[in-house]
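Colleague: The following block contains the structure, expressed as structure tokens.
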Amino acid sequence: MGAVVNYLGMCRQWRVRLPSFRIVSSFDRWKVLEQVDEQLSKGEERAALSLLKANPGELLCFGAARQVPQRLYSLDELKLNGIETSALLSPVDVTLGSIERNLQLAALLGGISAWNVYGFNPQQVLYFSLGLLFLGTVDSVSFNGGVSGLVLDTIGHTFSQKYHNRVIQHEAGHFLIAYLLGILPRGYTLSSLEALKKEGSLNVQAGTAFVDFEFLEEVNAGKVSATMLNRFSCIALAGVATEYLLYGCAEGGLADIYKLDTLLKGLGFTQKKADSQVRWAVLNTVLALRRHERARAKLAEAMSEGRSVGFCIDIIETNIDAADI
């Protein structure tokens, strides 16, 4: 130990810059990640999380994100960091909105054409309209809009490459930030149809799911720690932040913002305190995404190929240098 101290002292005296070494066996890391995938496939989330925590030497990035100091940041400070919150925190899904309007127009024109061709009388048209209204109500009440969402999302992925890519990048942002903050993703879907096939429910939307039993335990206890709240805030905003960085504005992610807003209100936050929490989370998340842009891009490629959680984690570990965390 003494020899090491002397050597470092000599290097400081001679102004020799020591290289930083990151000696991690990819084989050892992949063995751990294979076990993580196995545990997740069996639904053993606690065991999967324990594997990550028990192997910090192989998984250097897990929970190792560098974060900005937590304080009240003004909108001007965010602007100085190139962040326009209005383009990030007010997502409007232009693509799906356009598809929905076109479908409504096509249905109207189709109804008029059918009326002319088949000679429907006003009473038949009324019954048909009431039937459609009834089906829409059933979808809204029983499936939380799952059927209409499935149709719109499927059309969007099929005919809009921009929409398809945006969804992938959005979910890659969630996945990356969660992992860097110490929350294990347990799976992901990139379309409503994929979510339906995996979960067998129309009420489940596409997205990234997490091993969040620790968060739920705190919520059920009625007291969420500052650390857990910070994690949740950043993960919730990671999708819209990713879209903002790539496309200049966010279209998806309104549900994520709503969940965060609901949590802050449930915790009794005043508007000023909630704004402070959101601004810090936005800045912290955007800076992390900028710092690890390469890892996010590679992760998005892996997710677009349907790779396992373990494989995606390996992509993150491979593409982030130890000096950047």
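Each value in this text was obtained by applying a stated rule to the coordinates, not by laboratory testing. Bear in mind the structure is a predicted one, so any value in this text is a computation, not a measurement. Positions of Cβ are backbone-derived with ideal geometry, glycine not excepted, and every protein chain shown enters the neighbour counts.
Colleague: Give a residue-ordered list of calculated ³J(HN,Hα) values for segment 185-198 (Karplus: 6.51 cos²θ - 1.76 cosθ + 1.60, θ = phi - 60°; whole Hz; x for Gly, Pro).
Modeller: After applying 6.51 cos²θ - 1.76 cosθ + 1.60, I find x, 9, x, 7, 9, 10, 8, 5, 5, 5, 5, 5, 5, 7 Hz.
Colleague: Could you list THR242, THR318, THR189 so that the one with the fewest beta carbons within 10 Å of its beta carbon is first and the one with the most is last?
Modeller: THR318, THR189, THR242
Colleague: While we're looking at this one, here's another question. So how much slack lies between ALA226 and LYS197, counting 0.36 nm per residue of separation and subtracting their Cα-Cα distance, in nm?
Modeller: 6.8 nm
Colleague: Could you tell me whether segment 213-325 comes out rounded, prolate or oblate from its Cα gyration tensor? Rule is a ≥ b ≥ c as square roots of the eigenvalues, rounded for a/c under 1.5, then prolate if a/b exceeds b/c, otherwise oblate.
Modeller: prolate
Colleague: Below 8 Å between Cα atoms, with a sequence gap of 6+, how large is the relative contact order for segment 235-325 in percent?
Modeller: Relative contact order comes out at 25 percent.
Colleague: Can you work out the Karplus-derived ³J(HN,Hα) for every residue in segment 168-184? Use 6.51 cos²θ - 1.76 cosθ + 1.60 with θ = phi - 60°, whole Hz, and x for glycine or proline.
Modeller: Working through the residues one at a time gives 4, 5, 4, 6, 5, x, 4, 4, 5, 5, 4, 5, 5, 8, x, 10, 7 Hz.
Colleague: In terms of the ratio Rg/(2.2 N^0.38 Å) built on C-alpha atoms, what value belongs to segment 184-234?
Modeller: Ratio of Cα Rg to 2.2 N^0.38 Å: 1.38.
Colleague: Something else about it: For LEU193, LEU181, what's the fewest-to-most ordering of other Cβ within 10 Å of each Cβ?
Modeller: Least to most surrounded, the residues fall as LEU193, LEU181.
Colleague: Let me ask something additional. Using amide H atoms built 1.01 Å from N in the peptide plane, name the residues 5+ places from PHE210, or on other chains, whose amide H lies under 5 Å from its own.
Modeller: Here ARG186 satisfy the definition.
Colleague: Which of VAL211, VAL151 has the fewest other C-beta atoms within 10 Å, and how do the rest follow up to the most?
Modeller: Ranked by crowding around the Cβ, least crowded first: VAL151, VAL211.
Colleague: Now for a different question. Could you please report the charge total around ASP324, scoring K, R as +1 and D, E as -1 over all other residues with beta-carbon less than 10 angstrom from its beta-carbon?
Modeller: The answer is +2.
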